């Protein structure tokens, strides 16, 4: 018997939840599992080709735009119910940022779906309409949390945020360790494409250009480095609501030629190899997959002390306050002086030893997906 899975993500683009879902479906046993993806709104179709090649289909309620929270909830929940009725899934895997994810578990329960997984990927609210989000988050927890058959979280903090006193299991955000392995030829090729010299210092990150990721701070770090006389460049891979402000800030500070904004990508591993230092001054996160990917690539990492990585600790990670650009600039310089490109080939070994290989993690999930048949 083939178990049919429907994955849910409110938004869809090139973010961490999307990569988690894609990594999982790529590792699924094709003989025993099939899947589709359902999202409320989208802003990028970069993963659609992969989904289609694996036999899945992505269904979206609002293409290319994001209505207000109330409208999203009403229209999306109705569309979710229709999707479940028309396709007859065995399992739903609901990847959510707040308590309203439980609503989708309740609907799945009503429609007779035996396995209903709710998976927390954040540890706080995003920006905008925080009071409404808080009310809906708490209401969702109280009204529908009991309808999940499995509670999962990407970190202990994300689990406590969504599930409170209810039991949950931490499922690691795994990666394809071979895909993110450091590649010297790609490094050289991409630096030529970006116009960055082989000896120049290139730092930056992969992620949405949104408030939570603190991209404007990264430009101020670059400014400090340049004022110190360093031949430095900043690479920010992604799109988002702050894309235009990032460009404007770079222009204001006279750094346009040193700030590289290639947009979103379904191949973040190429950009990882081009970097010297991975920087993540986020204001808040769940458990960022990019930290695992950057570690797999062998990069030194500087991350905000607002991020909690739990058991994922390596000597290559340093924590810094997300409001001290000079401190970050000095730390980047220390990383650059200590860096040896040959050392970066050890990245996959570190990730595997910590248990973040996506194939092994998918085997854990498959036991849940098929639990109704056991």
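Please treat every number below as a calculation from the coordinates, not as lab data. All values derive from a computational prediction rather than experimental measurement. Note that we place each Cβ from the backbone using ideal geometry, even for glycine, and neighbour counts take in every protein chain shown.
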*Quote the relative contact order of segment 184-353 in percent (integer), defining contacts as alpha-carbon pairs under 8 Å separated by 6+ residues.*
24 percent
_Per-pair calculated FRET efficiency, R0 = 25 Å: residue 230 and residue 323 via Cβ, rounded to 0.05_ = 0.75
*Using a 10 Å cut-off on Cβ atoms, rank the peptides 232-241, 298-307 from the highest mean neighbour count down.*
232-241, 298-307
*For a footprinting-style exposure proxy, rank 226, 154, 39 by other Cβ within 10 Å, fewest first.*
226, 39, 154
*Ranked by how many other beta carbons lie within 10 Å on average, peptides 109-118, 138-147 from highest*: 109-118, 138-147
*Extension reserve of the residue 88-residue 49 stretch, reckoned as 0.36 nm per residue once the Cα distance is removed*: 11.7 nm
*First check a/c for segment 37-143, with a ≥ b ≥ c the square roots of the eigenvalues of its C-alpha gyration tensor; if it is under 1.5, answer rounded, and if not, answer prolate when a/b is larger than b/c or oblate otherwise.*
oblate
*Using a Förster distance of 30 Å, how high is the FRET efficiency between residue 79 and residue 31, based on the Cβ-Cβ distance and rounded to 0.05?*
0.50
*Segment residue 371-residue 59, length gained on full extension (0.36 nm per residue, minus Cα span)*: 109.8 nm
*Computed [θ] at 222 nm, deg cm²/dmol, the chain (DSSP H ≥ 4; -39,500 (n - 2.57); rounded to nearest 500)*: -12500 deg cm²/dmol
*Sort the following peptides by mean Cβ neighbour count (other Cβ atoms within 10 Å, averaged over residues), highest first: 288-297, 205-214.*
288-297, 205-214
*Based on other C-beta atoms within 10 Å, arrange 328, 43 from fewest to most.*
43, 328
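What fraction of the Cα pairs in the chain, stated in percent, has a spacing above 41 angstrom? Show your work: numbers first, answer last.
Values: 8654 of 69751 pairs.
So the portion of pairs separated by more than 41 Å is 12 percent.
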*Full extension from residue 143 to residue 253: what is 0.36 nm times the residue separation minus their Cα-Cα distance, to one decimal in nm?*
34.6 nm
*Classify segment 184-353 as rounded, prolate or oblate from the Cα gyration tensor: take a ≥ b ≥ c as the square roots of its eigenvalues, call it rounded if a/c is under 1.5, otherwise prolate when a/b beats b/c and oblate if not.*
rounded
_Length-normalised contact order of the chain in % [C-alpha pairs under 8 Å, at least 6 apart]_ = 17 percent
*Rank these for me by crowding, 81, 344, going from fewest to most other beta carbons within 10 Å.*
81, 344
